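Note sheet for the following structure.
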Amino acid sequence: MHTRRIGDVEVSAIGLGAMPMSIEGRPDEARSLATIHAALDAGATLIDTADAYHRDADEVGHNETLIAKALASHDLGKDVLVATKGGHLRPGDGSWTLDGSPRHLKEACEDSLRRLGVEAIGLYQFHRPDPRVPYAESVGAVRDLLDEGKIRMAGISNANPDQIKQANDILGGRLVSVQNQFSPAFRSSEPELRLCDELGIAFLPWSPLGGISRARELGSAYAPFARVAEAHGVSPQRVCLAWMLAKSPVVVPIPGASRPETILDSLAATGLVLGAEEIAELDAV
């Protein structure tokens, strides 16, 4: 397994996005545990989650609890960096709401610590800016958690370039990751990717294959990915992730999965080397 760095931690170059195992349409727990264990067996050492990854109102943190159970029941679980997030909420009606208040973020972190069963969270990320709360106050809460030792590393998600710079300043240069949406269908985070590359901050594309409902259609929607995939005898999804890895050494995609076979295909992208002409063709999509 090829590796990259988030802060001072070496992780697999591709992580496991665990959200599909807890929201609407989720599989049964046995398949979810099998998916996480398959990822560990294949060398994955990064798992992305959030307290808001749940379906019903009374099961906040479902995904964190699931991950904690999976890691505790596998010999390699201790070697995994778990990245979780706070600041999003799900009332249980399918909607997503926001609470970026310092009080909520600090309470959410305590709850995540309890569910994950750790003394300090490996990577804690402010999930999404809350327009009702000054951004500096939200990130300031994450800084406090870092200073208090409740979290080992700090990141942000769904941020623009100005917010990345502001967060890094507030954190005293200790911002280690930015998690933004990025895929062939969603290229507007290119400026954030370039900024992270300049600053040496890990860039974690979420929904890198286009999301749960569209991942299977990647090849049919974007012909160049299908052509390159056919030439290498692999899936368009694997090509997509290899293309992202080729963009910058700070890129660490976190494709979602709820089946062992899908995460294994994704992780195999770390060994796929694309030629310069292929990369240029895919960049032009």
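Rule-based calculations on the coordinates, nothing more; no lab input. Fair warning: this is a prediction, and the values are worked out from it, not measured in the lab. Don't worry about glycine lacking a Cβ; one is built from the backbone with ideal geometry, like all the others, and counts go over all protein chains shown.
Brief remarks on what is shown
- Neighbour count of at most 16 Cβ within 10 Å plus DSSP loop: longest trypsin sites (Lys or Arg not before Pro)-free window in the chain: 56-131
- Whether the range 35-165 is rounded, prolate or oblate, judged on the alpha carbon gyration tensor where a/c under 1.5 counts as rounded: prolate
- Overall, the range 148-285 carries a charge dipole of about 400 debye about its Cα centre when +1 sits on the Cβ of Lys and Arg and -1 on the Cβ of Asp and Glu, all other atoms neutral.
- Each part gets one Cα centre, and for the range 165-229 versus the range 100-132 those centres are 22 Å apart.
- Overall Cα dimensions of the range 126-285 - principal axes, largest extent first, Å: 50, 31, 28
- Applying the criteria of a DSSP loop state and at most 16 other Cβ atoms within 10 Å to the GluC sites (Glu not before Pro) of the range 184-285 yields no site.
- Cα-based Kirkwood hydrodynamic radius, the range 165-222, one decimal, Å: 12.5
- Model label sites at residue 30 and residue 285, defined 7 Å from Cα along the beta-carbon direction, differ in position by 3.6 nm.
- Length gained on full extension, residue 190 to residue 276, computed as 0.36 nm times the residue gap minus the Cα-Cα distance: 29.1 nm.
- For the chain, diffusion coefficient by Stokes-Einstein and Kirkwood Rh (Cα), 10 °C, 1.306 mPa s, µm²/s: 84
- Seen from residue 241, the other residues with C-beta closer than 13 Å to its C-beta sum to a net charge of +2, counting Lys and Arg as +1 and Asp and Glu as -1.
- Full-stretch length increase - residue 232, residue 147 - with 0.36 nm per residue and alpha-carbon distance subtracted: 25.9 nm
- For the chain, the antiparallel share of DSSP beta bridges with both residues in that region comes to about 25%.
- Dipole magnitude of the range 49-173, debye to nearest 20 (Cβ charges: Lys/Arg +1, Asp/Glu -1, about Cα centre): 180
- Prolate/oblate/rounded call for the range 97-177, Cα gyration tensor, a/c under 1.5 rounded: oblate
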